[in-house]
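In what follows, a structure is listed as C-alpha cells, so that the remarks can point back to it.
The values are calculated or read from the model by the stated rules, or taken from the named source; none is laboratory data. In this text the structure is predicted, and so the values were computed from the model without any measurement. Using ideal geometry, Cβ is built from the backbone for each residue, glycine included, and neighbour counts are taken over all protein chains shown. Calculation scope for accessible area: heavy atoms of the full protein, side chains included, ligands and nucleic acids excluded. Shrake-Rupley method; radii C 1.70, N 1.55, O 1.52, S 1.80 Å.
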Amino acid sequence: HLSRDNGKSFTPFTNHESLDYDARISPDGKWVVFTSERLGHPNLFIKHIEGDTLPRLLVKSQSMQDQVDFSPDGKWIVFASTHEGNADIYRLPFAPSDTLDISEAQNLTNNPGGDFRPKYSNDGSRIAFSSDRDHDTKPHQFFPFAMQRTGDIFTMPAEGGKVIRLTNSDYW
C-alpha cells in the first residue's frame, strides 16, 4: 500500500497473489523498488510511483534478492543476494528503465557468513549492514526447518573494502 497524505489513508500499490515486501522509494520519489516472490523466489521488482504501470523485474537472477537500499544521490542500489551461495551485499548502478543482470553486480562483502539489510549512510560514503559472520549458526530450538542466528552491525565504505564491526551481541 502507498500513502500520499502522510499516512492518513493508503491505496494498494501492487495487486498480485504472491508476496510483495521490503519496498523502498527512490531518492527522486519516482520509483518504488520492492521484493516480490511472483517468480517463485524473492526478486527485485520496480514500479513507477505514478500511473497504472505494472511492476517489472529489475534484477534478472535465479538467486534471492531482498532488502534494497538507494544511495542518497540515487545512482546506486545495494541489496542482499544469494547469487554466489550465501547472503552477501551486492551493488548495481540504479537504472530504472533497464533489467539488470545479477552477473553485473559487485559483491561488496563476499563472506562465508550471512550479510543482510544494507543501508547507506546519509552522506553516501558508507554502508551499514547486519551479519552473522562472527557467530555460529545453530538449529532453532522450536522449528527444525529454521536456523537460530546471532548477528551484529557492521559498516564498510560504499564501494566495499574494510569492514568494521560496531556491535558485539549475543542476540540478533
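For a quick protection proxy, order the peptides 156-168, 91-103, 68-80 by their average other-Cβ count within 10 Å, most packed first.
Put in order of decreasing packing, that is 68-80, 91-103, 156-168.
Calculate what fraction, in whole %, of the accessible area of the chain sits on carbon and sulfur atoms when a 1.4 Å probe is rolled over the protein chains.
About 51 percent, which is the carbon plus sulfur part of the accessible surface.
Whenever you get a sec, line up LEU54, LEU108 from highest to lowest accessible area (probe 1.4 Å, protein heavy atoms).
Final ranking, largest accessible area leading: LEU54, LEU108.
Where does the Debye-calculated log10 I(q)/I(0) of the chain sit at q = 0.09, 0.10 Å⁻¹, using only Cα point scatterers of equal weight, no solvent?
Results for the chain at q = 0.09, 0.10 Å⁻¹ read -0.33, -0.41.
Excluding ligands, DNA and RNA, what is the solvent-accessible area per residue of the range 37-172 at a probe of 1.4 Å, expressed in Å²?
54 Å²
Mind telling me which of TYR90, TYR120, TYR21 comes out most flexible in a GNM of the chain, alpha-carbon contacts under 10 Å?
TYR21
When you count, for each residue, the other Cβ atoms within 10 Å and take the mean per peptide, how do 36-48, 121-133 rank with the highest first?
Ranked by mean Cβ neighbours within 10 Å, highest first: 36-48, 121-133.
Between GLN65, GLN141, GLN106, where does the largest GNM mean-square fluctuation fall for the chain, given springs only between Cα atoms within less than 10 Å?
Looking only at GLN65, GLN141, GLN106, the largest GNM fluctuation is found for GLN141.
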